[in-house]
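Colleague: The structure that follows is given in the form of structure tokens.
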Amino acid sequence: MELNVHELDALTEILHKDRYKVMQFTGIYDKNKKELYKGDIFSHNLINWVVVFSGKQGVMLARKIERNTTWKSLMDINNISKYIEIIGNIYENPELINGAS
């Protein structure tokens, strides 16, 4: 689908507002068929994970959320997508990161 000039101008104006965050779709769905985006937080084996992009590897991965917002344990999300459930994202649910135990 191509946008005309007016649609493109309107879209550009919306995307440059601070209240909107553009999130990159991973091409992966969770167990409820919900689209998984960079910045989404999901639960797997009672642990919360956040979707990140690894520029080094050029793929979407997940990082385990740990106390004091430190990041450890990278995981490939392709193989576990049918077991995960999205519970929020880093923009709308920062408490899921800040309250990590």
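Colleague: Is it true that K72 is modelled with pLDDT of 85 or more, over 15 Å from the mean Cα position of the chain (by Cα) and of a type in the set (K, R)?
Modeller: no
Colleague: Answer with yes or no whether N32 is at pLDDT below 80 and surrounded by fewer than 11 Cβ atoms within 10 Å (Cβ to Cβ).
Modeller: It is false that N32 is at pLDDT below 80 and surrounded by fewer than 11 Cβ atoms within 10 Å (Cβ to Cβ).
Colleague: Among residues belonging to region 42-64 that are over 18 Å from D30 (Cα atoms) and either of a type in the set (S, T, N, Q) or surrounded by 12 or more Cβ atoms within 10 Å (Cβ to Cβ) (or both), point out the one that is modelled with the lowest pLDDT.
Modeller: Here the answer is Q57.
Colleague: While we're looking at this one, here's another question. Determine, yes or no, whether N79 is more than 15 Å from the chain's Cα centre (by Cα), modelled with pLDDT of 70 or more and surrounded by fewer than 13 Cβ atoms within 10 Å (Cβ to Cβ).
Modeller: Yes; evaluated as a whole, the condition is true for this residue.
The values are calculated or read from the model by the stated rules, or taken from the named source; none is laboratory data. Model, not experiment: these values are computed from the prediction. We place every Cβ from the backbone using ideal geometry, glycine too, and count neighbours over all the protein chains shown.
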